[in-house]
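In what follows, a single structure is set out as structure tokens and then discussed.
Just so it is clear, none of the values below were taken in a lab; they were calculated from the coordinates. What you see is a predicted model, and the numbers here were worked out from it, not measured in a lab. Cβ coordinates were reconstructed from backbone atoms using ideal geometry, including for glycine residues, and neighbour counts include every protein chain displayed.
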Amino acid sequence: MKSLSARLFAGMTGSFALLLIVFGLIIDASIEFMLIREFDFYLETVVRSLAGGIGSDWRSASLRLVPEALSDIPRVEGELFSQYWTDDGTVLAKSANLGNAGLPRFHGKDGRPQAQSLVLPDGRRARAAGMQVSIWPPGAVPESEKRVTIVVARDTSDLEAHLRQLRWLLLAAGAVTMTAAVMVSIAVIRGSLKPLRCAAEAIAAIKEDSLSARIPAADIPEEIVPVVDRLNELLGRLEDAFARERSLTADIAHELRTPVAGMLSIAGVALNSPRPPAEYREALEDVRQIARRMRSMIEDLLTLARLDSEAPKYKFVPVVLREALDLCWKDFREKADARRLTFENGIQADTRCVTDRNALAMIFAILVQDLMAEAAPT
Amino acid sequence: MRVLLVEDYPPLMKSVARGLREAGFAADVTGEGEEALWYALGNPYDVIVLDLMLPGLDGLSLLHRLRAAGRQTHVLIITAKDAVADRVAGLNAGADDYLVKPFEFEELLARVQALLRRSYIRKSPVLAVGPLRIDTAAHRVWRQEKELQFTAREYALLEYLAMRAGELVSRTDIWEHVYDFNSEATSNVVDVYITHLRKKIDSPGQPSFIETVRGRGYLIRNTPE
């Protein structure tokens, strides 16, 4: 994913979606926990109430069963079931809605009720609270203590329906929130990236002929300012490089135009009227001399181009400086004669140095050219 | 017509000068700016062909100083500088025309001739003087329907007199406009060429087309024969 806006969008919406899911799960779990706790609290209340109704002279017939025995407890949705056991597991009583089936026997410790999930005989899911009650028949010794276990179960289908509704509600709220978050993210990202788009448009508008333009940093966010500054510096360097290239191209064009003009002029004049072969020969010789100088110039330019593009490869050999300068002067002799400039090579005949012959020739040529430009005729 | 060629590239200087001379111009040449200024101020050139990049005094400075000295000589700039700013600078400095290198010699010649016509207030390259018709572009001369043949120097002399038809032209004028520094400086060289011209253009038994005004010069009357 290369787009910054796509990355930001994916990051923001992904993070938000993840947070929303975690938050939804926590809410769902919290509400489920609280509802079940409230559900269990009701069951515990019922089981405590049933336990409180067991007299010391208890008989099976006197045991109260839900839902009939709920006159003192608020009625709630969901079917209730109850069952009593003695210590040895003998069923003392059970509510009629259990039919031939029964509830699992369990209880809490120390006379406290305990709640747990179970599956009713008809396959429905339910919550149940179990509690053990100690009973002493009248006149009985402590050793004759009887324990009765009471389990009250309540069908949880209503609870589950409520939880399902709640989850759909959470899902819908999450979807709406997510949609809103996506829209807000898009708006925020667009707004935040607008300076970048403006900068990109400003960069796109910069062409070869408008390198003096700079990217305005006025509305750019602080984090992007260093990038814009570096870009502007780069533009400055590019502008300089283009200017140097234009200047070099103009210089090269100038250096080449004059000899080409010379060749054209020589050929034009030679062909202007019939003339003796010697004059044609002279013209051709002049053209050849110019072409040779141009070839040398082009080779120098190619050398410069190579020096620009790769590390120079010098071939160091012993060079007699006086001879090297004399050789260089040959190319300038005619021009110097035309300007009545004299040349005197003052280098000692035996002065040598170890250098690259071509590089030295180029240096001498530049020096001689500059000196000739400044020299006054003798 | 006399032209000063200022160009520091010897092969170009040599070939252009040769071409101009073969076209009948008296051409003085130099590759030095200072020397060119000295020539231009000291001689009545009809046209100066001026390179801009010269050693010493550059072409534009030379032109400025020439105009500052009140010289109205037509100047054709020849240069490798082809930018609009360079052309504008050259023309604003007082040049009459601007030719970018490389150029064909024929174009240079045509522009020099156009400047010459401007010097003598003529639009057409064909001069009609008396019975003569002179094509200054092709360097051809007709008397009525018959084409006459001239040497380059004879043609240059005839063209100069024809350009100034109706005016008295002194020997000094002829010398200054038709001969360059390399010409042999004999006292009667103008008279010799006038005699050659008369032989070629005059009709037998008729008064000469080129009239001698004793002690003052020569005159071609601009009246049909």
Nonlocal amide H pairs with B:Arg140, under 5 Å, H built at 1.01 Å: B:Asp135
Gain in span if fully extended, A:Ser210 to A:Asp300, counting 0.36 nm per residue against the direct Cα distance: 29.2 nm
Three-way shape call for the stretch B:13-125 based on the alpha-carbon gyration tensor, with the a/c threshold at 1.5: rounded
Virtual spin-label span in nm between A:Ala29 and A:Trp168, 7 Å along Cα→Cβ: 2.5
Mean ellipticity per residue at 222 nm, deg cm²/dmol - from DSSP H runs of n ≥ 4 across chain B, formula -39500 (n - 2.57): -12000 deg cm²/dmol
Shielding by partners, peptide B:103-109 (average Cβ within 10 angstrom, other chains): 5
Per-residue mean of C-beta atoms belonging to partner chains within 10 Å, peptide B:79-89: 2
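From the helices alone, meaning DSSP H stretches of at least four residues, give me the mean residue ellipticity at 222 nm for chain A, per-run term -39500 (n - 2.57), in deg cm²/dmol to the nearest 500.
Value at 222 nm, helices only: -20500 deg cm²/dmol.
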Point-to-point label distance, A:Ala373-A:Glu201, nm (Cα→Cβ direction, 7 Å offset): 4.6
Contour excess over end-to-end distance, with Cα ends at A:Val184 and A:Arg340 and 0.36 nm allotted per residue: 47.8 nm
Point-to-point label distance, B:His64-A:Thr177, nm (Cα→Cβ direction, 7 Å offset): 8.0
Computed over chain B, the ratio Rg/Rh where both radii use C-alpha atoms and Rh is Kirkwood: 0.99
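Give the shape of the stretch B:85-206 as rounded, prolate or oblate, defined through the alpha-carbon gyration tensor: a ≥ b ≥ c are the square roots of its eigenvalues, a/c under 1.5 means rounded, and otherwise the shape is prolate if a/b is larger than b/c and oblate if not.
Note, shape of the stretch B:85-206 comes out prolate.
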Per-residue Cβ neighbour rank within 10 angstrom, fewest leading, A:Phe9, A:Phe41: A:Phe41, A:Phe9
Ranked by how many other beta carbons lie within 10 Å on average, peptides B:41-48, B:163-170 from highest: B:41-48, B:163-170
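I need the shape label for chain A. Rule: rounded when a/c is under 1.5, else prolate if a/b > b/c, else oblate, with a, b, c from the alpha carbon gyration tensor.
Prolate is the answer for chain A, as a/c is 1.5 or above and a/b outweighs b/c.
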Helical segments meeting 24 Å axial Cα length and Kyte-Doolittle -1.0 threshold in chain A (DSSP H): A:4-52, A:157-204, A:225-272, A:277-309, A:357-374
